[in-house]
Amino acid sequence: MHLFFDLDNTLWDFDLNSYNVLNTLFSDLNLEHKLHVKFDAFFSFYKKKNDELWYLYYKKQIQKSELRYKRFYDSLLHFGSNDLELSKLLSEEYVRISPYSKALKPGAIETLETLSKHHSLHIITNGFKEVQNIKIDNCGLRNYFQEIIISEEHGYTKPHIEIFRLAENRADADKSECVMIGDNWISDIEGAIGAGWKAVFYKMNEKALFAHKNLQEIAHLNELQELF
Ligand SMILES: [Mg+2]
């Protein structure tokens, strides 16, 4: 089989890494004092805003540069500051530091180690190329994968069918032998099912939104070793 993994929150623990980096920046820049808010409240607003802006980015309604500072600018605004310079500083520092964070999802390396003995492993990620390449190298992930497909390099993002067709070509695989493993219901699961692939929805605390003959669910990466 050809197993295509999503990167953020499927292998690389995006939520945990992002929490830790922003927590450090929040305290270095003395934001609790400036904004009169505790970090956890700031972070939960930021996370919601970040998801909303990524969704607009997928729909090609905003550009990368706008996404990057606006998630911070809108969060600062929400907590009563309209400091554009501060939002740009937060954005630059966050993008500079966070790719070097190393937390992976539980069981990631053991699972890749085992699966790579019997299957071809690949990555399809919607992130930005300079960031995603650092994460992949810095966490020792690169050698497990044959094809690493970063949406920004191709002009297509998941869930658009073009990126799945491109992935089949790159891996020299038929869709009947392709599986997408990811945590995002729309981009990973609906995208893959729509492309005629199998899909594995990986989320600790969420259930699939519909049942489908090509869909399986896991709560821990180790379960992949029993599925494939
Ligand atoms: Mg993801």
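Quick note: the coordinates plus some simple rules give every number you see, no bench work behind them. Since the model is a prediction, treat every value here as computed from it, not as a measurement. Neighbour counts run over all protein chains shown; Cβ positions are idealised from the backbone, glycine included.
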Output for the chain (equivalent-ellipsoid semi-axes, sqrt of 5λ from the C-alpha gyration tensor, Å, descending) is 33, 18, 16
Per DSSP, loop trypsin sites (Lys or Arg not before Pro) in the stretch 74-153 with at most 12 further Cβ within 10 Å: K102, K117
Per-residue [θ]222 nm for the chain (sum of -39500 (n - 2.57) over DSSP H runs n ≥ 4, rounded to 500): -14000 deg cm²/dmol
Once you put a point 7 Å from the Cα of S44 and another 7 Å from the Cα of D83, both along the Cβ direction, what distance in nm separates them? 2.4
Taking the number of other C-beta atoms within 10 Å as the exposure measure, put M180, M1 in order starting with the fewest. M1, M180
Sequence-distant or interchain residues sharing an amide H contact under 5 Å with Q216, placed H: which? A199, V200, F201
Of the DSSP H helices in the chain, the ones reaching 15 Å or more along their long axis in Cα terms and averaging at least -0.5 in Kyte-Doolittle hydropathy are 14-28, 84-97, 161-171
25 °C / 0.890 mPa s Stokes-Einstein diffusion coefficient of the stretch 14-100, Kirkwood radius on C-alpha pairs, µm²/s: 189
Under 5 Å between amide H atoms, partner at least 5 residues away or on a different chain: which partners does W12 have, H built in plane at 1.01 Å? K105
